[in-house]
Each structure stands twice: as C-alpha cells, then as structure tokens.
1. Using a 7 Å offset from Cα along Cα-Cβ at Glu326, what residues in region 151-181 end up with backbone N under 16 Å from the label point?
2. Multiply the residue gap between Gln219 and Ser59 by 0.36 nm, knock off their C-alpha separation, and tell me the result in nm, one decimal place.
3. Would you mind pulling out the separation of the Cα centroids of region 78-97 and region 252-296, in Å?
4. If packing is taken as the mean number of other Cβ atoms within 10 Å per residue, what is the order of 252-262, 80-90, highest first?
5. Tell me the trypsin sites (Lys or Arg not before Pro) within region 181-283 that lie in a loop according to DSSP and have at most 13 other beta-carbon atoms within 10 Å.
6. Given the Cα-Cα distance of Ser111 and Asp165 and 0.36 nm per residue of separation, how much length would full extension add, in nm?
7. What FRET efficiency comes out for the pair Glu333/Ala90, r = Cβ-Cβ distance, R0 = 30 Å, nearest 0.05?
8. Can you send over the carbon and sulfur percentage of the accessible area for region 234-323, probe radius 1.4 Å, protein chains only?
Amino acid sequence: MKRVLPLKRTSSRATSAEVAKLAGVSRTTVSLVLNDRGGELGISAETRARVADAAARLSYQPSHAARSLRRWRTNVIALLLYTLDSFYNAEIIGAAHAAALERGYSLNIMSAKFDEVQRRAYALLSGGVADGVIVAAPPADLAADLKKLADNGMPIVVMQHHSPDPAIQAVRVDLERGGYVATRHLLDLGHRRIAHIGSASQRLLKRRERSDGYAQALQEAGIAADPHLIAMAEPSLAGGFSAMEELLAQDERPSAVFVYSDQMAVGALHALRKHGVRVPEDMAVVGFDGIALGGFVTPELTTVDYSRADIGRLAVEAVIGRLEGEAEPAPREQVLPVRLLVRESCGGTRAAISREGA
C-alpha cells in the first residue's frame, strides 16, 4: 500500500483553504466531504478521495467549529425576548441559562422589541447561528416565519402562548384562569366596580387571556363589562402609572383593579399614592406574575403567582429534547397552573366595602 507522506509546511497548522487548493476543489466541498456529507450530496467518489488524500498529506486537523459542523450543531439555543428590562424576564433567563448549561448548551439571548428587529433576528436564526430557538410573545404575523424555521428542522418553542402550529411546542401559563381567579377574589371581597388595566401590546398569538378571565368572572357574577373601567397601556411601570391615572380621572372611580402584570401594578400603586388614594381602603389592587418585587412594595402586592423558573427550564428542556431525539418528547403544550398569592393590597379575606359595592 502506498504511503502518503505529509507535505512540508511553513505554518504550524493546515487550513481548509490549503486542503481545497491542493485537492482542486472549493472550501465548501472540503467541509462537506470531511463532515461525511459528500456522498449524499452527489460529490463523486473520486473527488472525495482527492480531498481525503489532500487532508492526509497536509496533516489537516479540523477545528472545533469544523467538528461541530460534522454534527451540524452549534450547541447554542437562542432565546428571543420582547424586552430584557423586566423583572419577569430576569427570572426566566436565569432558569433557562442554568438548564442549558446543565445539558452542555449555551444560551444566546436576543432582544427583539420591534417587529423589524425581530425579523432580522429570525433571518439570523435561518442562517444557522443556533440549534434551536425559544420565542417569547411572538406577534401573530410572524407565526409563518416560525413555522418556516420548524419545517426546516429547527426545534421551536414559544413561551406564554398557545402553539401556532403542530410542529411548534409551547410552554405557557393558564393565563385565562389567572385572570378569572384574580377577579373572582375581588368579587368575593364585595367589590362590584372592578377595573382592569391591560396590555396595549398586540403581540399575542391568539386571545387576551388575562382579560378574558376578567370578563368571564364578571359575567358569572351578573355584572356587565364597562369599557370605561378598562385602561390599556404599555406593559411597564410607566404604563401602569398612566393607566391608573386614566381610571382616577373618571367621575365614578372603581373600588378595585385587576392589573395585567406586577410591574404595571407597581406603577399603578405609585399613581394611587400620588393622588392620595389609600390601598386597600379606597382601592384594592391585584397584580399578575408573582415577581419578587411585589413582596417589597407598600402595601405588599396581592398577585397571581406561578413558577417563572419552570417556564425557562421547561422551554430549554423541550428544545434539547427535540435536538437529542429523546424517546419521550415533551407534549406540544405544557400548561403551568396558577395560584392566588393574597397579600395586603387587596384588603385581606374580608370586604372593606359592602356587597352592594361603592
């Protein structure tokens, strides 16, 4: 058998460009052949042998990145969030990061606050910068982009929303139940004029589920929904503040309010303090999400609580499960339960006002 002798080289390590030049092929062909993709893509046996011979003569050793290409893996999971400046997302990111590291993956956190930015992020993902992607609050008009990525073999998980397609998994919270429980609690405390501060964001894939739960509880109590008691704002501290000021400007103020998120509820509490409205004596407040901040405001915030850490962890595990071909993949939708965490801002377990309301 003819022995292949290494060529003398001036540099310490051969490159794929040198292999390509010696073999008389492109660098793409070198990559495909050395990553065992040449045969299935129609590269002739002669060409594959020439590339192998050139690599042997140059003592070519593929880099870590090239070895990753052999598996067509980056070992990176992209986490695409609407915004990074929220207490809520911080808890999810921490849990997702820990779950990824435990399984040998890195987490690439991408902020995509506006649709154009998000489209650019999807374009990057299409280019293969990650093995899988987790998307929080994707707008409805980008569901087709998600499906396209999924059809191309990329594991996709959406957080806090229903799955938009059978090929896409979802990890979400029972938001409608949470809105119902919060409003039902205020009704049980004797309130009848209950306002709702909601998110003005139109990024939901389907329904405004917190608001749906609020409306359902009112309907069951025989109370007609009053559009004047609904204020929509951006989901932020400032948004909660401005929405509460809008409600306080009415001639007949509500006696209680269910707020879209704890972050908005903290902003609403600030507006109430500014206007001299006592909580819970003059107005009861219930938030949503159970973030740690709610336990450090005055009064402590009653909230709909659930595990933010489980959202991040389960989303990562669902992506990796698909990548690793686990025998029992996660179900298409994993729905986390909610619980009402009663604190000071709602007035406790007894109504401060009569059953007839304000």
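The values are calculated or read from the model by the stated rules, or taken from the named source; none is laboratory data. From a predicted model like this one, the values you see are computed outputs, not experimental measurements. With ideal geometry, Cβ positions are generated from the backbone for all residues, glycine too; neighbour counts draw on all protein chains shown. Keep in mind that these areas ignore ligands, DNA and RNA; they rest on the heavy atoms of the full protein, side chains included. Shrake-Rupley method; radii C 1.70, N 1.55, O 1.52, S 1.80 Å.
1. Backbone N within reach: 155-158, 169-172.
2. Fully extending the segment from Gln219 to Ser59 adds 50.0 nm.
3. Computed from Cα coordinates, the inter-centre distance equals 24 Å.
4. Listed from highest to lowest mean packing, they are 252-262, 80-90.
5. Here the sparse-neighbourhood loop sites are Lys206, Arg207, Arg278.
6. On the way: separation 54, 0.36 × 54 = 19.44 nm, distance 2.32 nm.
Fully extending the segment from Ser111 to Asp165 adds 17.1 nm.
7. With R0 = 30 Å, the Cβ-Cβ based efficiency is 0.75.
8. Of all accessible area on region 234-323, carbon and sulfur atoms account for 51 percent.
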